[in-house]
Structure formats: structure tokens, C-alpha cells
Amino acid sequence: MSTTATTASLDSTADSGRWEVLQRVILPSESNLDTAALYIDTGSALSVQLNTMDGSAGTDRSSSGSFSSAKQIHAEDFRSRHSTLIRRGERLSFGSYFNAFPASYWRKWTSVQNIRLSVSTVGGGSISVYKSNARGSLQHVETSRVSESATTNFDLSLKPFGDGGWYWFDLVAGAEDFVLESAQWQAQGEERRAGSITLEITTLNKPDFCLNNLQILANHPENLKHLKEILVVDQGTQKVADEPGFDEVNEALQGKLRIIDQDNLGGSGGFARGMYEAVENGSDYALLLDDDIVVEPESISRLLTFADRCKSPTIVGGHMFDLYNRTVLHTFGEIVNPWRFQPDQPLADQTLGHDFVRSNLRQTPWLHRRVDVDYNGWWMALIPTAVIRDIGLSLPIFIKWDDAEYGLRAKAAGYPTVSMPGSAVWHVSWIDKDDLVGWQAYFHTRNRIIAALIHSPYERGGRVIRESGYMDIKHLISMQYYTAMGRVMALRDVLKGPGQLHSILPAKLPQIRAMASEFPDSQFKNDPDAFPGPKMNKPPRHGMGFRAPSYLQLVPWAAKTIARQLSKPVDSSSKQRPQAFIAHQDNKWWRMSQYDSAVVSNAEGTGASWYQRDPRKLRALLAEAARLNAEILREWPRLRALYRKELADITSFEAWKSTFEAHSRKSSQD
């Protein structure tokens, strides 16, 4: 390990052309200062306390809040996206989500073996380099004191990072203010051509979000050089090209923007179009972005730099932070549980919704262990076109499970997926949505079973069909008949086989939404006073309210509840007035099953609907759902063989080309 300090005018002249930038230190933009905790940290260089005998964590800092020695972040000291001032006598750490170097990921997936940290500063102070291991234990590497104008280099090895760990550095100012001019994590090697990207955004009636992200790209022209094309697949009626300010943004994007107007083929149809066009125009990668996000633009170059150096073609994805609470990380990586065939977390102690303000990178042990994933959400995913040419495009399944299925398909073909720390977008979290209820229930149900038929390693799909039956019962006894009807339609379409997936792609959503008028639970009203006041004729037993049954009581409780709902007449007064108003977070199956009617608010808080018990609908839907689940389970071997046989055809360029041609309108910005 070597440390050298040179004046800025003699910056690395001996190494000119030999060191390439892997990751630049960045700071939040002026419009995103509430995310400062993701970029820098303050206070002493402390980590979680580990037991020196077995390596287990002692005090759980992740639940106890921030460091006691942490100080307020001075956003006013940020001089640019790459430079900041450190006030005299204070410490600033770059052991943060966006600026620490995820060494274990580079060691595992790339050919890079050694790196260099190059830090340019002005003034007197010290630079301390740290690393961590997979348990999150902090280890001091080296400290260098500098003065005046200097560039300090630290040569570092990636060998110790087999299972996890990061590198980062802290700056401590001396008697005067200390300025970070810039810092880079670099790798030595021959000059190489960076891969080219087609960046594709699939959108449906979110022109403001789309235009904002296009503006972000225009404001960071250093990322444009890697983009062969910026493609917006506009599937809505509110067009991005009609948004005020579009012409100015289009001009700033230097002729790289193209918009394709396409019928609503869902996320899978839009993203498949992006993959298709990336291959057609000769790009090395397709970068898929959701429409309702805010992108950290530096993530684009980071994903590309990492993917270019992977040992084999690799899908590289970014993480998702909560758009409305921007320091909260939704998930650090996901796998598909093969028995339940549901998204799952690779690590037992991994936390959904981790807030970096409450517990920063140094305080949180599980963030230091490398997380290996099955797939990355298509809110941000960089896919090599070599992979697309080999395994095809997305399944034509409209929405839900397209990203997970593609990751599993790629993995089966030998192409890994990496969810890359330090690369991310901000997106509305699932907490503010409930897509298991309503029109999306059809797609959740159908697509999960189809993905399981293609990829489940178990003879009858593990617990998939059993859990499908449980979900049907839960929705039905909760008076969610619209959702239950969508699930029945999904089961029917699974049995029809894969051959109809392309043909029903644009038509299924209108069909599902058209039947909403038949079900009171799907008819929302925005005015809280639109419903009569609640009245409950029979009070809860002993005034205790409704409680969930215990595990031992569940089966007899469920049987009794279903029997009661099937046979007991509906209280006539509940048709004139709801028995209760239920907040969304209290909308639980064990609670709702006790009412004859209730007004329930939606997840977004924008409206409510009136749930009303209907024994006739319950009997019909329960019988049909049970019959269909039983048939799918019985026919599983035949269906599995059929879907696997047809997979290559329905995801082929030829099949998708026919669908695109049938549902596209004239392109603009050609």
C-alpha cells in the first residue's frame, strides 16, 4: 500500500492514461438536499460493537438511533457535486451509501483486483482510509496528513472482501477550513471503450415524472456521452411530448431522444420494446427505468462502469429508495423463494425500509455483507444486449413478475444479476400502494403461477397453489369480490396456456376494469361524506373488538367464519348504512370477515369504497376458485411442460415484433 501527495499541478502525470475512474465521490444536487445523509456522514469513525469471541453484534445501534457524536450536516458547505468544505476541527465521512466503495461486489463479479483512492484537497488536514468486513467491523487502513494543495493516492487491494465489506475515507480539518476538491476510486488497466446504452423509460400518463427525469439527464451531460439513444415508450393518453417545457428538454438532449407512441401493453410491453430497440440499434446495453421515479444520474455511469468490467455478461441493477422519505432504502436485494415462489430477502437480518438517517452505513452490520440476488426490479436495470439476444425479451404478461422471471431465466442461462450499491432511484414505495387488491390482483395471480410453472424446481410448484387457495378465501371473507373475480379470471387464463398471452396483452386490463361497476368494493368515492354514517347493531364481544385467531385456532376459526358467511343472512340495516369505517391499515381479513358491510379507505388515502357482504357471490366465487386451483394443481406437469416449451417463442423478437407493429403509432423525434 502506498500513499503519495503531489501538488495539483503535477497531478498523477506519471500514471497518465493508466488509471480509470470506477466511482466518483458525489454530493446531492441543490434540489435534493434532504438526501444528504446518503452522501456524507459526520461524527467519529465508529461502527457497531462486535463480540470479539464470535463476531456477533452487541449493542443494536440500528435501533438506537444515530451516533451520539454525530453533528449536523452543513449543506451550505457543498461547493459543487464533487467538492465540499470541511469546517476547521470537524470530521466529514464518506462512509455513506453513495460514496463508500462496495469492494466485495467488485471482487466477486469483476476482474478488478486492486484499486486506487485518489483524493484532491486544499488546506491542512488529514485523510483516513477505512474498510469493513462482512460482519460490519470497522478497520483502520491508513491516515495521511496533507497541507496546501495536494492529491493523495492510496493503493488498495480487494483480496480481503470475499463475503462483504466496503472501503471509505474520512476527512478531518485542522486549525483552518479544509476543502475536498474531488475524489475518485480508480482501477489500473488498458484504455477501453465504454459500452453504449439505450436508456428506455416506459410510461403511462406520468408525463411530469418523465419530463423531470429527462431534465435531470440534460442537466448532467457527462452521462449523455454513454447514451446512444434515450427512448420513451409512451403508452398513455397524456403525452410526454405535450408537456410544457418538452421542446427545451428535447433540444438539450442533443438529438438523442426518441418517443414511441404505443398502445398500453403494460410494463412488460414497454420494457420489451426498450430491449428490442437496444438490440436493433446496436447498443451494448438496455437500461430500463420506471416512469414514476427520480433518478440519481451518477448511477448510470456507475452501472455501466461495473457492467463493462464484469467477468461475464451480467445484469446490473440499482436500488430503490422511497420517493416520499428519501433516506429510506426499500430493499437491498431480492431473491425468489423457490418453495413459496414469492420475493424474499437473501439475509435474515436484512431490513425492509432501512432509514440511513437512523442508522448509517457504519452502524448497520447487515449492509456490509454482500447480497447476491436472483433479479433486480425494473425501476432501474442495465441488461447487456448479448443476454437479450440469447434468452429473448420479457414475458408478455403486462405487469408484475416480468422482472423476476427475466432474472430467473437469465440465471438459468448462466447470466447473473447484481443489485449494485451506490446506484439508485427514488420511487413510490409499496407501503403507499396495495396492488394485491383491485385490478392488479389478476396480474399478480396469473403471472406468479406462470413464472412458477416455468422456473419452480418442485414437482407441483411447492406452496404456490396452496397459497393461491388461501388468498382466495382471505379476499372472499373480506368482501373483496372484485379482487376475487380477477383472481378467478387469472386462474382460467393460466389453464388456457401461453399461446394467448400476446393477443390478450392490450385487452385484458380494459376487460378487468369494465367489470368494476358490478362490485361495490371496487367503486371509490373521494368525498368522505359520500357514505352514510356507520352504525353497528351488535357490539363487539366483551367490548374487545376483533382479534386475529391464533395459529392453533386458525383452521376451526376459518371453517366457522366461512360457514357463517355462507349461511347467515345479511343484516338488512347494513345495506342502508355501513357498520364501520375502516382505515386502510386496519383492513385485515380477520377483521373484515366479521362485518356485513364497511367503508374502507384505499392505500393512497384518496378515496374509499363500501364493502358489502353477498353470500351468493361468495358461494359462486369460492366454488369456482377451488375448482380452478384444483385443476391447475392436477394439470401442473402438463402445464409446466407446455409453458417451458413455448417460452422461447413467446419471448422471441419475432413474436414481439408482430405485437409492436399491431399496437404502435407513428414515432416522433425520429
Q) What list of whole percents do you get for P(r) of the chain, with Cα-Cα distances grouped in 10 Å bins up to the one holding the largest distance? A) 3, 14, 22, 23, 19, 12, 5, 1, 0
Q) How big is the antiparallel share of DSSP beta bridges in the chain, given as a percent to the nearest 5? A) 75
**Q.** Charge dipole (the chain, unit charges on Cβ, about Cα centre) - positive-most of Ser128, Tyr276, Ser597
**A.** Ser597
Q: May I ask for the net charge around Val464, where only other residues with Cβ less than 9 Å from the Cβ of Val464 are counted and Lys, Arg are +1 while Asp, Glu are -1?
A: +4
**Q.** Projected area, mean over directions - segment 201-320, Cα convex hull, nm²
**A.** 7.2
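At a Förster radius of 45 Å, what calculated FRET efficiency corresponds to the Cβ-Cβ distance of Ala648 and Asn602, to the nearest 0.05? Write out the running numbers ahead of the final one.
Numbers: r = 40 Å, r/R0 = 0.89.
Efficiency computed from Cβ-Cβ geometry: 0.65.
Assuming R0 = 41 Å, what is the FRET efficiency of Asp527 and Leu633, from their Cβ-Cβ distance, to the nearest 0.05?
Numbers: r = 45 Å, r/R0 = 1.09.
With R0 = 41 Å, the Cβ-Cβ based efficiency is 0.35.
Does segment 410-453 come out rounded, prolate or oblate by the C-alpha gyration tensor, with a ≥ b ≥ c the root eigenvalues, rounded set by a/c under 1.5 and, if not, prolate when a/b is larger than b/c and oblate if not?
The shape class here is oblate.
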Q. If you count, for each residue, the other Cβ atoms within 10 Å and average over each peptide, how do 210-217, 183-190 line up from highest to lowest?
A. 210-217, 183-190
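Can you give the direction-averaged projected area of the convex hull of the alpha-carbon atoms in segment 330-391, in nm²? Mind showing how you got there, number by number?
On the way: hull surface 23.0 nm².
That works out to 5.7 nm².
Gain in length, Arg193 to Ser573, computed as 0.36 nm per residue apart minus the alpha-carbon separation, to one decimal in nm?
Numbers: separation 380, 0.36 × 380 = 136.80 nm, distance 7.35 nm.
The span from Arg193 to Ser573 would gain 129.5 nm if fully extended.
Which order do the peptides 279-285, 614-620, 481-487, 329-335 take when ranked by the mean count of other beta-carbon atoms within 10 Å per residue, highest first? All intermediate terms of the calculation are to be shown ahead of the outcome.
Working: 279-285: 18.3, 614-620: 15.1, 481-487: 26.3, 329-335: 21.7.
Descending packing order for the listed peptides: 481-487, 329-335, 279-285, 614-620.
Please give the net charge around Asn32, taking every other residue with its beta carbon less than 14 angstrom from that of Asn32, where Lys and Arg add +1 and Asp and Glu add -1. Write out the running numbers ahead of the final one.
Working: positive: Arg81, Arg326; negative: Glu30, Asp34, Glu296, Glu298, Asp322.
Computed value for this residue: -3.
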Q) Over segment 572-661, what is the mean sequence separation of C-alpha contacts under 8 Å (at least six apart), divided by residue count, expressed as relative contact order in percent? A) 18
Q.
Using +1 at the C-beta of Lys and Arg and -1 at the C-beta of Asp and Glu, which of Tyr551, Ala608, Pro578 has the Cα lying farthest in the positive direction of the dipole of segment 519-625?
A. Tyr551
Q: Calculate how steeply helix 207-219 sits against the longest principal axis of the alpha-carbon atoms of the chain, using the helix alpha-carbon long axis, and give the answer as 0 to 90 degrees to the nearest 10.
A: 10
Q: Enter the angle in degrees (range 0 to 90, nearest 10) between the Cα long axis of helix 554-567 and the first principal axis of the Cα atoms of the chain, meaning the one along which they spread out most.
A: 40
Q: Treat every Asp and Glu Cβ in segment 591-670 as -1 and every Lys and Arg Cβ as +1, leave all other atoms uncharged, and give the resulting dipole magnitude about the Cα centre to the nearest 20 debye.
A: 340
Q) Taking a 30 Å limit on the Cα-Cα distance, which of the listed pairs Lys508/Lys575; Lys400/Lys525; Lys496/Lys617 fall beyond it? A) Lys508/Lys575
Q. Fewest to most neighbouring Cβ within 10 Å: what's the order for Lys228, Lys568?
A. Lys568, Lys228
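Return the tail of the calculated pair distribution for segment 440-632, meaning the percent of Cα-Cα pairs more than 28 Å apart.
Details: 5719 of 18528 pairs.
It works out to 31 percent of all Cα pairs.
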Q. How high is the relative contact order of the chain, in percent, with contacts defined as C-alpha pairs under 8 Å that are six or more residues apart?
A. 13
Q) Could you give me the ³J(HN,Hα) list for segment 354-370, computed from phi with Karplus coefficients 6.51, -1.76, 1.60 and θ = phi - 60°, whole Hz, x at Gly and Pro? A) 6, 9, 6, 6, 6, 8, 7, 4, 5, 8, 10, x, 5, 5, 8, 7, 5
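Which of rounded, prolate or oblate describes segment 464-563 when judged by the alpha-carbon gyration tensor and an a/c cut-off of 1.5? Spell out each step's value before the answer.
On the way: a/c = 3.92, a/b = 1.41, b/c = 2.77.
Oblate, since a/c reaches 1.5 and b/c is not below a/b.
May I ask you to derive the FRET efficiency for Phe581 and Tyr551 from their Cβ-Cβ distance with R0 = 41 Å, giving the value to the nearest 0.05? Kindly include the intermediate steps, with their values, before the conclusion.
Details: r = 30 Å, r/R0 = 0.73.
For R0 = 41 Å, the calculated efficiency reads 0.85.
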Q) Roughly how tilted is helix 615-634, in degrees to the nearest 10 and between 0 and 90, from the longest Cα axis of the chain? A) 60
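Translational diffusion coefficient of segment 549-627 at 20 °C, 1.002 mPa s, Stokes-Einstein with Kirkwood Rh over Cα pairs, in µm²/s as a whole number.
It diffuses with D of about 155 µm²/s by this estimate.
Can you show me the helix-derived [θ] at 222 nm for the chain, built from DSSP H runs with n ≥ 4 at -39,500 (n - 2.57) apiece and divided by the number of residues, rounded to the nearest 500.
Mean residue ellipticity at 222 nm (helix-derived): -8500 deg cm²/dmol.
We did not get these values from a lab; they are worked out from the coordinates using the rules stated. Small disclaimer: the values here were computed from a predicted structure and weren't measured. Cβ atoms come from the backbone with ideal geometry, glycine included; neighbour counts cover every protein chain shown.
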